[in-house]
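The values are calculated or read from the model by the stated rules, or taken from the named source; none is laboratory data. Everything quoted here is computed from the prediction, not taken from an experiment. As a convention, Cβ positions derive from the backbone with ideal geometry for all residues, glycine included, and neighbour counts pool all protein chains shown.
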Amino acid sequence: MPYKNLEDRKANAQRYYQANRERKDAQSLQWRLDNPDKHKQSCAKWRSTNKERTRETSLVYYEQNRDQIRESGRLYYQANKDAAFTRAATRRARKRDAFVEAVSPQNVFDRDKGICQICDEPIGDSTWHVDHVIPLARGGEHSYANVQLSHAVCNLQKGVRL
């Protein structure tokens, strides 16, 4: 049956889908499972051509689920403080076009033998920070050569000073 226009074709396709919804959904799911790479590419292409729609959908989802999103972020941070620190410091450095190296806070702690490099006192059980010797705000890089172990108080008092 030839179609006179695109609207007739779309309406016919919609009627067919509604009449065969379960079978079409099962076929679609099976294709996605059989072709994960093609599906991922297809979704990425759709998102890139529909940026505004994707953004609107994301904002609506965030507004509806704000508390759950914040809670999951808080729980993730508590369970993965090292990873969260590394990600935050890396992001700050990249925003300033600084050199970025993957720095593990535990490696810095071990390297500095648990001694605060600002006041030369042992860290002990107190909270500690990985301090940038030359702060990122002053053009320092995020690398093992530019980080040191410090008490949280010492680091916060130092601020962005050299």
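Structure notes:
- Answer residue from the stretch 123-136, given it is loosely packed, with under 12 Cβ neighbours inside 10 Å and out of contact with any helix residue (DSSP H, G or I) (no Cβ under 6 Å at 6 or more places or on another chain) and is nearest to Lys95 (Cα to Cα) among those: Ser126
- Only one of the listed residues (Ala89, Ala145) is surrounded by 18 or more Cβ atoms within 10 Å (Cβ to Cβ) and not aromatic (Phe, Trp, Tyr). That residue is Ala89.
- The residues on offer are Thr49, Thr90, and the sole one that is at pLDDT 90 or above and either hydroxyl-bearing (Ser, Thr, Tyr) or closer than 22 Å to His142 by Cβ (or both) is Thr49.
- Matching entry among Arg55, Arg94, Arg32, Arg70 (being surrounded by 12 or more Cβ atoms within 10 Å (Cβ to Cβ) and either within 20 Å of the chain's Cα centre (by Cα) or in a strand (DSSP E or B) (or both)): Arg94
- Among the residues making up the stretch 122-136, a single one is closer than 15 Å to Leu156 by Cβ and of a type in the set (Gly, Ala, Ser): Ser126.
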